[in-house]
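Engineer: First, the structure itself, so that you have it in front of you.
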Amino acid sequence: MKPVRAVTLSWALLLVSRLGATRKGSPEEASFYYGTFPLGFSWGAGSSAFQTEGAWDQDGKGPSIWDAFTHSGKGKVLGDETADVACDGYYKVQEDIVLLKELHVNHYRFSLSWPRLLPTGIRADKVNKRGIKFYNDFIDALLKSNITPIVTLHHWDLPQLLQVKYGGWQNVSMANYFSDYANLCFEAFGDRVKHWITFSDPRTMAEKGYETGRHAPGLQLHGTGLYKAAHHIIKAHAQAWHSYNSTWRSEQRGLVGISLNCDWGEPMDIRSPKDIEAAERYLQFCLGWFANPIYAGDYPQVMKDRIGKKSAEQGLDMSRLPVFSLQEKSYIKGTSDFLGLGHFTTRYITERNYPSRQGPSYQNDRDLVELVDPNWPDLGSTWLRSVPWGFRRLLHFAQTQYGNPPIYVTENGASQKLHCTQLCDEWRIQYLKGYINEMLKAIKDGANIKGYTSWSLLDKFEWEKGYSDRYGFYYVEFNNRNKPRYPKASVQYYKKIIAANGFPNRREVESWYLKALETCSINNQMLAAEPLLSHMQMVTEIVVPTVCTLCILISAVLLMLLLQTQS
């Protein structure tokens, strides 16, 4: 989920601060807009299978690349944490649906675990019936609670055997295996699931998995691996869309899209043509990389030009960016019924020329530097700053670049400050208020936004960050084996936004904030009592049964002695 690393050198921060001081903020943020969202706008929360389910080897599930990555014990994850148990969501479906009902959401975005359904990743090998039953029961329970499932097919947890045997997304055969998996899901769940997302944030999956190695499968194929992986992911997406379109759509009448994450890139110097070009290039290498083939049939021209030029300078006969054939371009174009858009923060962008002799890399291909303004609110995570106005600009960019497609905001949220167990998450409330309001302004501008998914329902396993970053509306006590959930203040605030379908007036919106902080103080007392409750539970579960057993044994011995005496 996390974007590429921002360059935050002290000199750069100083320069941005000076420039920012002359800008006086952004005109979009000058006034808060009070109003409501269109009738039928869908509000939701999200999660992913690997981050929450746990039960990593239970009920027939096969290993994923993330299981292998976290079990390697090589310091790849902060604290050498794993997601073997995570939130224990596999065993807490009913409990978590109660939380969704408490939030009053219209939809829940979650992902299916490919290796839970197909342990080897290959449908012809084996279908795990217990995995099918688990998701069938989950979907039925959501619908019974009037919550619409929005289902992601693949959120980074590729079956490990596909990685070992074929090299994962470096191999074009993944498209066929993914299509087989997708068709299984359409067949098993498509009578009830009407919103499908093929891939979640494939840019990060490709970049961190095959370029930097910070994510599973941990490969560092600089300047080549990520482009090849992305190429095959785009083909796999298109193949799954066509399968649905030709086989299932007429009967099931659902929608299939993709979820692409991108921060907004703002020119550091709005008077500099080079910075303006660099900011545009940033967006094309981020969002356009996947969206342009789907909406226009090919990679952005700037990607083809830059990577091709650098490849030639590095002595290569062909560009490191793969090429789509004319047939593939036609096949891929138009393969999305909606655009899923994930967004968290903004960067200032400035031109920086990296010599080709430095070697191939995604960073060098882009020829730019990412900067942050030190005046932007710091939310605790090193990469995440609250910059609401960038959200509206990104939505406008997507609207104009791709023909005003139906947009579902599929990820947007703020992490909790490190090592903070306070449930009074004022910073998340301010983040939600600002970003959702900018989305409302974007709709007013004409963007066709159908729904919003706040990220995320629960605190969960955050990839290479382990459990240090907390994005959830509900605090999860990971040190307790039962993984209890506690509502943060933002639960109350988000509920009010959903109930009002927006921001009706200043007085009412201000009252939401005060009410949310009142309730969180009570919840904090519950959380503070958690160690005592855990101790009491231990007494109940261990000491009491032990004492009872001893009493029974003593009674039996006394009874035997009594019988012997009488005889």
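The values are calculated or read from the model by the stated rules, or taken from the named source; none is laboratory data. Keep in mind that this is a model prediction, so the values were computed, not measured. In this analysis, Cβ positions are derived from the backbone assuming ideal geometry, glycine residues included, and neighbour counts consider all displayed protein chains. These area figures cover heavy atoms from the full protein model, side chains too; ligands, DNA and RNA do not enter into them. Shrake-Rupley method; radii C 1.70, N 1.55, O 1.52, S 1.80 Å.
Engineer: Can you run the Rg to Rh ratio on the range 359-482? Use alpha carbon positions and the Kirkwood inverse-distance Rh.
Structural biologist: Rg/Rh for the range 359-482 comes to 1.02.
Engineer: Angle, helix 273-283 long axis vs. longest principal axis of the chain, Cα atoms, 0 to 90°, nearest 10?
Structural biologist: It is inclined by approximately 40 degrees.
Engineer: Where the Cα atoms of the range 345-429 are projected onto their three principal axes, how long is each span, largest first, in whole Å?
Structural biologist: Reported extents, whole Å, longest axis first: 50, 36, 21.
Engineer: Moving on to the next point. Cα axis of helix 389-401 to longest principal axis of the chain: angle in degrees, 0 to 90, nearest 10?
Structural biologist: Helix 389-401 and the main axis of the chain meet at about 60 degrees.
Engineer: Rounded to the nearest percent, how much of the accessible area of the range 107-247 (1.4 Å probe, protein heavy atoms only) is carbon and sulfur?
Structural biologist: Working: 2180 of 4280 Å².
Taking all protein chains in place, the range 107-247 shows 51 percent carbon and sulfur surface.
Engineer: I would also like to ask the following. Looking only at the range 476-491, which residues have a backbone nitrogen under 11 Å from a spot 7 Å from the Cα of GLU518 in the C-beta direction?
Structural biologist: Within reach of a label on GLU518: no residues.
Engineer: Something else about it: What are the semi-axes of the equivalent ellipsoid of the range 183-254, taken as the square roots of 5 times the eigenvalues of the Cα gyration tensor, listed largest first and rounded to whole Å?
Structural biologist: Values: eigenvalues 192, 28, 12 Å².
Result for the range 183-254: semi-axes of 31, 12, 8 Å.
Engineer: Something else: Can you bin every Cα-Cα distance in the range 267-414 into 10 Å intervals starting at zero and give me the percent of pairs per bin, rounded to whole numbers?
Structural biologist: Once binned at 10 Å, the Cα pair distances of the range 267-414 give 10, 33, 36, 19, 2.
Engineer: I would also like to ask the following. Using only alpha carbons, build the gyration tensor for the range 190-348 and give me the equivalent ellipsoid semi-axes, biggest first, whole Å.
Structural biologist: On the way: eigenvalues 164, 73, 51 Å².
Working from the Cα gyration tensor, I get semi-axes of 29, 19, 16 Å.
Engineer: While we're looking at this one, here's another question. Checking the cross-link filter: which lysines have an alpha carbon closer than 23 Å to that of LYS465, excluding same-chain neighbours under 8 positions apart?
Structural biologist: The qualifying lysines are LYS2, LYS74, LYS76, LYS208, LYS417, LYS483, LYS488.
Engineer: To continue, here is another question. Per residue, how many Å² of accessible area does the chain show with a 1.4 Å probe?
Structural biologist: On the way: 22900 Å² over 567 residues.
I get 40 Å² per residue for the chain.
Engineer: Could you pull the accessible area for GLU251 with a 1.4 Å probe, rounded to 10 Å²?
Structural biologist: 140
Engineer: Compute the distance in nm between two label points, each set 7 Å from the Cα along the Cα-to-Cβ direction, one at THR400 and one at GLU508.
Structural biologist: According to this spin-label approximation, the distance is 3.3 nm.
Engineer: Hey, another quick one. Sum -39500 (n - 2.57) across every DSSP H segment of at least 4 residues in the chain, then divide by the residue count to get the 222 nm mean residue ellipticity, nearest 500.
Structural biologist: Details: 22 runs with 255 residues, N = 567.
Counting only the DSSP helices, I get -14000 deg cm²/dmol.
Engineer: As an exercise, use a Förster radius of 22 Å and the Cβ-Cβ distance of GLN301 and SER325 to find the FRET efficiency, rounded to the nearest 0.05.
Structural biologist: Values: r = 18 Å, r/R0 = 0.80.
After rounding to 0.05, the efficiency reads 0.80.
Engineer: Once you have the alpha carbon radius of gyration of the range 35-504, what is it after dividing by 2.2 N^0.38 Å, with N set to its residue count? Write down the numbers at each step before the final one.
Structural biologist: Details: Rg = 21.1 Å, N = 470, 2.2 N^0.38 = 22.8 Å.
Taking N as the residue count of the range 35-504, the ratio is 0.92.
Engineer: Please compute the volume of the convex hull spanned by the alpha-carbon atoms of the range 439-514 and report it per residue in Å³. Don't jump to the answer; show the numbers that get you there.
Structural biologist: Values: hull volume 9.9 nm³, N = 76.
Spelled out: Cα convex hull of the range 439-514, divided by residues, is 130 Å³.
Engineer: How tilted is helix 544-566 with respect to the longest principal axis of the chain? Cα atoms for both, answer in degrees (0 to 90, nearest 10).
Structural biologist: 20
Engineer: How would VAL172, VAL387 line up by accessible area, probe 1.4 Å, largest first? Intermediate results must be reported in sequence, preceding the final value.
Structural biologist: On the way: VAL172 75, VAL387 0 Å².
Ranked list, largest accessible area first: VAL172, VAL387.
Engineer: If you don't mind, another one. With only alpha-carbon atoms counted, please give the Rg and Dmax of the range 389-449, in Å.
Structural biologist: Every Cα atom of the range 389-449 included, Rg and Dmax give 14.1, 44 Å.
Engineer: For the range 210-291, take every pair of Cα atoms, bin their distances at 10 Å starting from 0, and report each bin as a whole percent.
Structural biologist: 15, 29, 30, 19, 6, 1
Engineer: Ordered by packing density, taken as the mean number of other Cβ atoms within 10 Å over each peptide's residues, highest first, how do 449-457, 215-223 rank? Before the final figure, lay out the partial values.
Structural biologist: Working: 449-457: 24.7, 215-223: 19.8.
Result, highest mean Cβ count within 10 Å first: 449-457, 215-223.
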